[in-house]
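The structure appears below as structure tokens.
The values are calculated or read from the model by the stated rules, or taken from the named source; none is laboratory data. Quick caveat, the model's predicted, so the values are computed rather than measured. Quick reminder, even Gly has a Cβ in these numbers, built from the backbone with ideal geometry, and neighbours come from all protein chains shown. Heavy atoms of the whole protein, side chains included, go into the accessibility calculation; ligands, DNA and RNA do not. Shrake-Rupley method; radii C 1.70, N 1.55, O 1.52, S 1.80 Å.
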Amino acid sequence: MLAAWPRLRLYPLVALLALAFGFFFAAQLRAELIPPSNRVARNEALALTVRSLETDNAAYRSRTAALQSQIGRLETDAALRSGASRQLADQVAELRAHSGLTRLHGPGETVTLGNGQSPKGGAAVSAYLVNFQDVQDVVNLLFRGGAEGIAVNGRRITPESRIVGAGTAVVIDDGPPLVPPFSVAAVGNRAAIETLLAAPASLGDLKQRQRDYQVQLGWFGAGDLVLPAADTGLEPQYAHAG
Amino acid sequence: MPAERRLRTPLVVGVVILLITLLAVIQVRSQAEVQRSLLSQDNTSLAFLIDDLHRSNDDLAKQEKALASRRDMLSGAGSAAVANAALSAEAQNLRIVQGLDPVRGPGVVVTVDAPLNDVDLQDAVNNLHVAGAEAISLAGRRIVTGTVIEASGGEVLIDGVGVRGPWTLVAIGDPSRLATAGDEMTRTLRADARVRSASYRADPDLTISSVIRQRPFVYALAP
């Protein structure tokens, strides 16, 4: 019976079976002999924890933003109770606006920042990448130019804001990591901010890297920029009026 | 036995293919695994990120509790007096955050005798902010995010006012995190050839009496 089988039909069948067994044994062997090395397994477990904590963080922020909004409405209502309440509510509304806890709009400038081109030849240079210090420099410069409110990629800067780096990402107030390109929007005196941005001495390091590594740096004005409210609470836990 | 030979040849071919496939798959998958682990963040960075997220979530939970309590106070305020108390408490908190009122609390004092420039000082302030400082003063001037520290004609200006060393930074906030930051900052500074001395001390009751004058909005409008 076997002798009746043409050899050409048998070989592909055996090869196919061997291939299938090969994959099966390889998977089995890998699971037994090189179980995703401890480092990789740990890495995956840590990454999973990070994702879970980030989800919690986003939920906290969403609830905090909703609470801020409810408080704002209740304070508006409270203002109707008496003259003193109205005066206090007005004062709080102004403080909230200056603290970045309410939406803000007005004329302003948006500075854009993006990574440049990696130098040829594989040189270990990171100067073509924009980092948290560049974002910090731009934010500081905009405040110097008289900015009355600033947001980085939609995250509002408050009087207690912290800008830090996490690898190539930028983290503001422990929020979600922001990656380039960055957009730093500032409401304020457009002419003053534009003059400062264009001054050769301003953002010297960034401008040098723009020439050397084509780091992207630009700015444009708008008649009416809108900045979102911060999604954090600003409740001092250790500092008390003294 | 021609039939037996005919059977053996494809079996040998099959075993060879099986072995090659096995080796190829192990090789490819091992490389892919290494590549994936290299591309993602290293474990130390992830561990730091987890610490930061835990701390941030703890802070946010406290903020949420405080805000919910304020909301409940306002929504249940039957009288103007109760509403006014809630409004006054929020105004006071926001005045502290914006540096409009003197403050006291636990924290650290960092003292540095060195010709530091505006970038050094901005870095020092950033480090303290990152370490959870709720109020900062530098050279007797109150500092918040937005305070302009710049160099002009060889001197450092804070919001346009000239200041000089030796530098004293006072930070009020989480005493444990600020002490760690103070220790790291002064150790780094002592390694700098420009620095004559750098030290810090933790204090359970510090006072920052300098304040900022709020600038009214000229261009911005709140809805």
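Here is how the numbers come out for the structure above:
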quantity: Residue match in the stretch B:180-196 (condition: open to solvent by less than 60 Å² (accessible area, probe 1.4 Å), of a type in the set (S, T, N, Q) and in the same structural domain as B:Asp113 (by TED's automatic domain parsing)); calculated: yes
quantity: Tally, over the stretch A:195-239, of residues that are in contact (Cβ under 8 Å) with a residue 12 or more places away in the chain, outside any strand (DSSP E or B) and of a type in the set (A, V, I, L, M, F, W, C); calculated: 8
quantity: Residue count for the stretch B:51-101, restricted to those that are facing another protein chain (nearest Cβ under 7 Å), among the aliphatic types (A, V, I, L, M) and open to solvent by 20 Å² or more (accessible area, probe 1.4 Å); calculated: 4
quantity: Condition broken by B:Val130, with the remaining ones in (1) touching an Asp or Glu at 6+ places or on another chain (Cβ under 9 Å); (2) of a type in the set (Val, Ile, Thr); (3) within 14 Å of chain A (Cβ to nearest Cβ) satisfied; calculated: (1)
quantity: Selection count, the stretch A:164-196, where residues are open to solvent by less than 10 Å² (accessible area, probe 1.4 Å), closer than 28 Å to B:Ser137 by Cα and modelled with pLDDT of 95 or more; calculated: 5
quantity: Identity of the residue in the stretch B:132-157, touching a Ser or Thr at 6+ places or on another chain (Cβ under 7 Å) and surrounded by 21 or more Cβ atoms within 10 Å (Cβ to Cβ), that ends up nearest to A:Val139 (Cα to Cα); calculated: B:Thr145
quantity: Close pairs (6 angstrom Cβ cut-off, 6 or more residues apart or separate chains): farther than 23 Å from A:Arg144 by Cα in the stretch A:175-190, charged (D, E, K, R) anywhere; calculated: A:Gly175/A:Arg155
quantity: Filter pass, A:Ala97 being at the interface with another protein chain (Cβ under 7 Å from one of its Cβ atoms), of a type in the set (A, V, I, L, M, F, W, C) and touching a strand residue (DSSP E or B) at 6+ places or on another chain (Cβ under 7 Å); calculated: yes
quantity: Which numbered condition A:Ser161 fails, given (1) in a loop (DSSP other than H, G, I, E, B); (2) buried (at least 17 other Cβ atoms within 10 Å of the Cβ); (3) more than 8 Å from chain B (Cβ to nearest Cβ); calculated: (3)
quantity: Looking only at the stretch B:200-223, and only at residues there that are at pLDDT 95 or above and open to solvent by less than 60 Å² (accessible area, probe 1.4 Å), the one that is nearest to A:Gly188 (Cα to Cα); calculated: B:Ser210
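One line per residue, one yes/no per condition, for (1) under 21 Å from B:Arg55 (Cβ atoms); (2) more than 7 Å from chain B (Cβ to nearest Cβ); (3) touching a residue at least 24 places away in the same chain (Cβ under 8 Å):
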site	(1), (2), (3)
A:Glu44	no, yes, no
A:Leu48	yes, yes, no
A:Arg51	yes, yes, no
A:Glu54	yes, no, yes
A:Thr64	yes, no, yes
A:Gly72	no, yes, yes
A:Arg86	no, yes, no
